[in-house]
């Protein structure tokens, strides 16, 4: 049963990821990315990391996707089609990616993993204790650093997005072009 | 671990995801699309952390904690990138790569 679910998830992941990087419509490609992220949350559910799946769904599917959709709607004209790369470039990049994938897969399949058979599940409590423990192997310092980083990113995003006003109603590029 | 699924199959799926992300990163010409490809790459690596933690070292939690940190950094990065893109759009009225050739003013 779990086998089938994993294969279905894998097919959803790969198909929607390919659709996401090759779709010509901007908004559709964001929605395909949303499918991919939900599939990844499904994989976390399958390997019994419920907390991580919840984080994936809230932060990625709920936060980042909404942010990207926001920027698409602010910036892009919906009916406008994306500019696509030349066919020759696509083929070259595709070949390079296929070669890289081949190298990855040969390395993975030639390596002997000593897998430990286990079905114990990790609770949220364990993760929280690990995050906040200041003994050996605890993660209290990175946790604090991440909190400072998030604060800095928040302030930075506000400062950057505020920007400067356009000069007398025109975008700055036009003013710049006249100056040249 | 998932019953009946070996670690090789999951690593194959994540490698394919990673290279789809690299493909999108190199072929797309729009800044937002490139941001989305980066999300794909980051997610593939996060699954790798989690799966290797679960299959090889089930008593430890390092993989889970690191993936939480990666997700936090990815969220911060996306917020900053969206802010930069919006500011760029105000200044040059475009988010295509070929138009973004000046760094300031």
Q.
Given the criteria modelled with pLDDT of 90 or more, under 13 Å from the mean Cα position of the chain (by Cα) and surrounded by fewer than 20 Cβ atoms within 10 Å (Cβ to Cβ), does residue B:43 qualify?
A. no
Q) Here is a list of conditions, (1) at pLDDT below 90; (2) at the interface with chain A (Cβ under 7 Å from one of its Cβ atoms), and residue B:59 meets all of them except one; can you say which number that is? A) (2)
Q | Residue count for the range B:54-76, restricted to those that are free of Cβ contacts under 8 Å to residues at least 12 places away in the same chain and in a helix (DSSP H, G or I) | A | 8
Q.
What's the number of the only condition in (1) in a helix (DSSP H, G or I); (2) more than 30 Å from residue A:106 (Cβ to Cβ); (3) without any contact (Cβ under 8 Å) to a residue 24 or more places away in the chain that residue B:32 fails to meet?
A. (3)
Q) With respect to residue A:131, is the statement that it is at pLDDT 90 or above and surrounded by 11 or more Cβ atoms within 10 Å (Cβ to Cβ) true? A) no
Q. Limited to the range B:77-101, what total is found for residues that are touching a residue at least 12 places away in the same chain (Cβ under 8 Å), more than 8 Å from every other protein chain (Cβ to nearest Cβ) and surrounded by fewer than 17 Cβ atoms within 10 Å (Cβ to Cβ)?
A. 3
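For the subset of the range B:1-27 comprising residues that are more than 7 Å from chain A (Cβ to nearest Cβ) and over 14 Å from the mean Cα position of the chain (by Cα), which member is modelled with the lowest pLDDT?
For the range B:1-27, the residue satisfying everything is B:6.
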Q.
One residue is enough: does the range A:34-56 have a residue meeting the conditions closer than 18 Å to residue A:82 by Cβ, surrounded by fewer than 21 Cβ atoms within 10 Å (Cβ to Cβ) and without any contact (Cβ under 8 Å) to a residue 40 or more places away in the chain?
A. yes
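The values are calculated or read from the model by the stated rules, or taken from the named source; none is laboratory data. Every value quoted in this text rests on a predicted model; they were computed, and no experiment measured them. As a convention, Cβ positions derive from the backbone with ideal geometry for all residues, glycine included, and neighbour counts pool all protein chains shown.
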